[in-house]
Every structure is written in structure tokens, then in C-alpha cells.
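What follows is one structure encoded as C-alpha cells, with my remarks underneath.
The values are calculated or read from the model by the stated rules, or taken from the named source; none is laboratory data. Because the structure is predicted, anything quoted here is derived from the model rather than measured. Quick reminder, even Gly has a Cβ in these numbers, built from the backbone with ideal geometry, and neighbours come from all protein chains shown.
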Amino acid sequence: MGLVGGALSERLIGLPRIAYRNEWSIGIYTGPSPFHLVSPEKFNPVLTAKEVTGVRASFVADPFMIVRQSVWYMFFEVMNDETKQGDIGLAVSPDGLKWTYKQIVLDEPFHLSYPYVFQWKDTYYMVPESRQASSVRLYRADPFPLRWLPVTTLLYGDFVDPSVVSYRNRWWIFVSHGKESDELRLYYANTLEGPYTEHPKSPIVVRNARIARPAGRIVVLDNRLYRFAQDDYRTYGNQVTAFEIIDLTPARYEEREVTSGPVLRASGSGWNAEGMHHVDLHQTVDRKWMASVDGRKSTLFFRMR
């Protein structure tokens with residue numbers, strides 16, 4: 001390299017270098033059906049890492065909503081930049097469009113994300129992803145919405161984005177398995193707390209990163225089930241597609257892709273320029289649909305050499 005090159009290298013060692021990172025934010029989409037959603041642009045994004053207080057956050061993602069006494073509550077992953085793990089945050093809204101961040105409501109010694117929240121028999125439950133703890137865990141609110149207590153462990157293993165639904169007097173868990181997120185497994189039980197049995201057709205998706213990993217709440221519409229999948233084929237979190245589950249029993253499983261195309265995709269600019277990977281749909285009183293979604297863009301930052 002020579003003396004000049006060596007001296008220059010020594011000087012550069014202490015200088016920062018430019019790097020890119022994915023920044024996830026949360027938005028709200030609306031539409032006439034779960035498969036035709038648009039962004040009310042003046043609102044989005046409704047939550048970013050900048051709104052988080054109490055911890056330094058690098059992004060927010062995986063939003064799930066629930067309505068209680070005309071108030072909308074949103075639970076979501078907060079990536080804690082200090083601990084480098086996900087915690088579960090809370091925001092509230094009077095109308096589902098304008099949101100106020102409140103606080104972290106669930107913090108464990110391991111990473112949490114995908115806080116699948118739902119109500120059953122007057123009790124509020126949450127099943128977050130806890131892959132780092134090699135388990136799928138059930139929590140209940142006591143009291144709602146600020147305190148969440150562990151109830152039981154539903155599954156043990158390397159599971160990602162567990163999605164729970166009650167259908168025809170049974171409980172079902174759709175959950176991705178393995179680090180590649182290209183396999184979808186299915187479990188069922190007679191009660192919410194289990195025990196759960198793996199379906200004989202499971203895994204129901206094998207070696208297909210386009211459609212295996214869950215992307216939000218399973219929707220029951222006109223007594224039909226629809227699941228949503230994130231497309232991780234080329235890069236993580238490209239777009240979201242929908243599947244109608246046309247046969248679901250303890251012995252049979254069959255699904256078909258909804259043909260209207262992706263439910264969500266990258267916009268090409270702004271907060272969701274490069275990808276979207278989550279949708280949580282709720283039907284409103286006027287029979288329209290409102291969904292909490294997330295999107296990503298790349299941002300520049302300086303990293304010390």
C-alpha cells in the first residue's frame with residue numbers, strides 16, 4: 001500500500017461509514033373488502049419509531065388492533081435499540097385513524113413481536129411471537145390493556161408469527177417454522193389452552209417463502225376463513241397475499257389463493273416504499289374494512305469503522 005496509503009488508512013479508521021437499514025412504520029388502510037384496501041394518505045404513517053417514548057426505538061411493526069367500548073387499541077412490536085430486542089407497545093385511538101402512543105405493555109428477557117391480540121369469553125388474550133424462547137405463549141390481560149400475564153405455553157419449538165383462530169368449535173394455530181420461514185404448520189385443539197395436536201396434513205406449505213409465513217389476523221367472513229401470507233421470496237417483507245381456506249377439519253385441509261392479486265405491496269415512495277408484510281383487518285359498523293398495516297423503507301445512517 002505504501003506510506004501514503006497506510007497513513008490514509010489510519011486516518012479513515014476513525015471515520016464513520018454510510019450504511020443502510022430497514023425502517024418499519026405503521027399505517028392504516030381502508031376499503032370495501034379485505035382484498036381491496038387503499039391508504040388514506042393524509043394519515044399515514046400513523047406511528048413511527050419517533051413517537052415511541054420511554055425507550056429508544058429503531059422501528060415499529062406488526063400492529064394488531066382491538067376495539068373496546070368505542071376505543072381502538074393497537075398492540076405492536078417496538079424494536080428497542082438499546083436491548084436489541086422487541087417489546088410490545090400500545091397506542092390508542094378514538095376512530096382508528098389518529099393514534100397516540102402510550103407505553104410498553106409487555107417486556108420479556110427474550111424478543112417479542114407479532115402481538116396477536118383477541119377477545120374470548122370476556123377476556124382479552126395475546127399470543128405474541130416468542131421464537132427466541134423456543135415457544136408459543138398465551139397471555140391474558142389483567143387489567144386490559146396495560147398488564148399481560150402468562151397463562152400457558154401452547155407449543156414448544158422454533159415457531160414464527162403464530163396466528164390463532166376459533167372455528168367450528170375448535171382452536172387452530174397457523175404458524176411458520178424454521179429460520180427460512182418457508183414452511184407453514186397447522187395445529188388444533190378443543191380448547192384455547194390446548195393441548196394442541198399437529199394436523200395430519202401439516203406442514204401445509206413446504207419450501208415456499210412466497211406464501212408460508214403468516215402476515216396477520218385470520219379473518220372469518222361469511223363463515224369462510226381467510227389467511228394472509230407475507231412474501232419473503234426475494235427479500236424479507238415484500239408484499240401480502242390472501243388465501244381462502246375452503247376445507248378445514250381435523251383430517252382435511254385445502255386452500256386457494258384469492259385471485260385479486262396482492263392485498264398489500266410496496267408503494268415505491270415514502271414510508272412503505274420498499275415493502276409491506278402485515279395486515280390486521282376489522283369490519284366497521286358501516287360494513288367497510290379498516291386494517292392496521294406496516295411498511296418499510298431504507299434509511300441512511302453512519303456507523304463507526
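What about ARG147, is it surrounded by fewer than 15 Cβ atoms within 10 Å (Cβ to Cβ), under 14 Å from LEU248 (Cβ atoms) and modelled with pLDDT of 95 or more? Judged against the criteria, ARG147 is not a match.
Within the range 206-225, which residues are more than 16 Å from the chain's Cα centre (by Cα), in contact (Cβ under 8 Å) with a residue 24 or more places away in the chain and part of a strand (DSSP E or B)? Residues satisfying the conditions are VAL220, LEU221, LEU225.
Within the range 85-123, the residues that satisfy the criterion of being part of a loop (DSSP other than H, G, I, E, B) and under 21 Å from GLY27 (Cβ atoms) are PRO94, ASP95, GLY96, LEU97, LYS98, TRP99. Taking the range 59-83, which residues are more than 16 Å from TYR114 (Cα to Cα) and either in a loop (DSSP other than H, G, I, E, B) or of a type outside the set (D, E, K, R) (or both)? Within the range 59-83, VAL67, GLN69, SER70, VAL71, TRP72, ASP81, GLU82, THR83 qualify.
Filtering TYR101, TYR116, TYR73, TYR125 for residues that are more than 21 Å from GLU193 (Cα to Cα) and in contact (Cβ under 8 Å) with a residue 60 or more places away in the chain leaves a single hit, TYR73. Every condition in (1) free of Cβ contacts under 8 Å to residues at least 12 places away in the same chain; (2) within 19 Å of GLY261 (Cα to Cα); (3) in a strand (DSSP E or B); (4) of a type in the set (D, E, K, R) is met by ARG234 except one, and the failing one is (3). Of the residues making up the range 242-277, those that are in a loop (DSSP other than H, G, I, E, B) and of a type in the set (D, E, K, R) number 3. In the range 181-194, is there at least one residue being in a loop (DSSP other than H, G, I, E, B), in contact with a Gly (Cβ under 6 Å, 6 or more places away or on another chain), aliphatic (A, V, I, L, M) and at pLDDT 95 or above? Taking every residue of the range 181-194 in turn, none turns out to be in a loop (DSSP other than H, G, I, E, B), in contact with a Gly (Cβ under 6 Å, 6 or more places away or on another chain), aliphatic (A, V, I, L, M) and at pLDDT 95 or above. Of all the residues in the range 168-179, those that are surrounded by 14 or more Cβ atoms within 10 Å (Cβ to Cβ) and either basic (Lys, Arg) or assigned to a loop (DSSP other than H, G, I, E, B) (or both) number 2.
Taken over the range 24-58, the criterion of being part of a strand (DSSP E or B), in contact (Cβ under 8 Å) with a residue 12 or more places away in the chain and surrounded by fewer than 20 Cβ atoms within 10 Å (Cβ to Cβ) is satisfied by THR30, GLY31, PRO32, SER33, HIS36, SER58.
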